[in-house]
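Notes for the one structure printed next.
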């Protein structure tokens, strides 16, 4: 099973990219050929080829006519050179001369046949060259270089746009592959362990069957000894089966956990997130302790490079921090939108409305049970966080950012 959702996307995008590259290469080659093709030279060569073909045809016709005449002469001479029934004719000088002339005619026919074959082969070669030149000339006349250049420019623009997409997909694929690597290895090891345990159980069952059919105590002792040698000192097939089945049960449970972990990584990777709406007040607390804006500063710096980030605060944040709106927003990255709701108004509904788009998620530990009709809630687009030992952990985004214990400086970012 393929758990990485980027594998298929990357392969499809790569195939499309290669297709466009092939088309662009073909356009470029055609343009190069078109620019180097000398139409005048090729037309002159075609005309010369046609003239040569005419000369060959003329010679060929002459040879064929000569052969027809020589063939008739040879046939007449053959008739006159026949021995016949009269013995006096057999050795007559007249018949012998006819036979000699017949043989000469046959030799000439052979020479003519050879010459005709050579001329026909030469005519075929010249004709082929003429047809090829004509085809090249027709292709050159039919090819619209301006249209081809426009197509090449469009293809190069598409390729230029696709390159960063392909690079981003590859980077995303490699990130998810890295996350999947350890659980995939564990899955393979557990599957291999299960296969070994199943083999051991079958072997122990055979020992148990032999033990049941043993005819005396000696045969039973031999089975116990063989079982002990096979299973590291355990001579009871029944106990071996019991122990191995327990191990199999544990391995299956672990395998189910690993597979669920892989599916969870796949689900998280498959999400398309463009916007993150942060429940500002929620991120100001570590447990019940109010720790201020420092975690938020660090987190938004960690997120702003990859997402559109919006932070929404309750109105009471002004009173808690003793700051006005500008002072609250001061420590955040410039690209992050900071919004404080109107007086006496809770931020929950504003947070959820801001995250109404299908690619918008909410970062908050609040489950918003009073707002189950909101898209972010019933669409399960709520992401939990943890604040532990000076770090904000968001496992679903594979993110951990450290925040300074003093001041408003943002912390470093690394994947978890």
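The values are calculated or read from the model by the stated rules, or taken from the named source; none is laboratory data. The model shown is predicted, which means the values in this text are computed figures rather than measured ones. Reconstructed Cβ throughout: ideal geometry from the backbone, glycine too, with neighbour counts over all protein chains shown.
Conditions (1) out of contact with any helix residue (DSSP H, G or I) (no Cβ under 9 Å at 6 or more places or on another chain); (2) at pLDDT below 95; (3) closer than 19 Å to residue 308 by Cβ; (4) not assigned by TED's automatic domain parsing to the domain that holds residue 298, marked per residue:
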site	(1), (2), (3), (4)
344	yes, yes, no, no
350	yes, yes, yes, no
360	no, no, yes, no
366	no, yes, no, no
371	no, yes, no, no
381	no, yes, yes, no
388	yes, yes, no, no
396	no, yes, yes, no
409	no, yes, no, no
Among the candidates 336, 328, single out the residue that is in the same structural domain as residue 366 (by TED's automatic domain parsing) and at pLDDT 95 or above.
336
Please note which helices (runs of 4 or more DSSP H) are completely contained in segment 1-115 and include at least 2 residues that are under 30 Å from residue 185 (Cβ atoms) and at pLDDT 95 or above.
5-36
Please state which one of 292, 302, 287, 280 is modelled with pLDDT under 90 and in the same structural domain as residue 396 (by TED's automatic domain parsing).
287
Is it the case that segment 182-190 has a residue that's assigned by TED's automatic domain parsing to the domain that holds residue 264, modelled with pLDDT of 95 or more and more than 21 Å from residue 264 (Cβ to Cβ)?
no
Apart from one, (1) without any contact (Cβ under 8 Å) to a residue 12 or more places away in the chain; (2) buried (at least 17 other Cβ atoms within 10 Å of the Cβ); (3) not assigned by TED's automatic domain parsing to the domain that holds residue 387 all hold for residue 257; the odd one out is (2)
The lone exception for residue 273 - which of (1) touching a strand residue (DSSP E or B) at 6+ places or on another chain (Cβ under 6 Å); (2) farther than 30 Å from residue 176 by Cβ it fails
(2)
Please go through segment 174-200 and pick out each residue that is under 22 Å from residue 230 (Cα atoms) and buried (at least 18 other Cβ atoms within 10 Å of the Cβ).
190, 197, 200
When segment 284-308 is examined, which residues are found to be buried (at least 24 other Cβ atoms within 10 Å of the Cβ) and within 19 Å of residue 348 (Cβ to Cβ)?
296
Given (1) without any contact (Cβ under 8 Å) to a residue 60 or more places away in the chain; (2) buried (at least 19 other Cβ atoms within 10 Å of the Cβ); (3) more than 16 Å from residue 300 (Cα to Cα); (4) in contact with a strand residue (DSSP E or B) (Cβ under 9 Å, 6 or more places away or on another chain), residue 374 misses just (4)
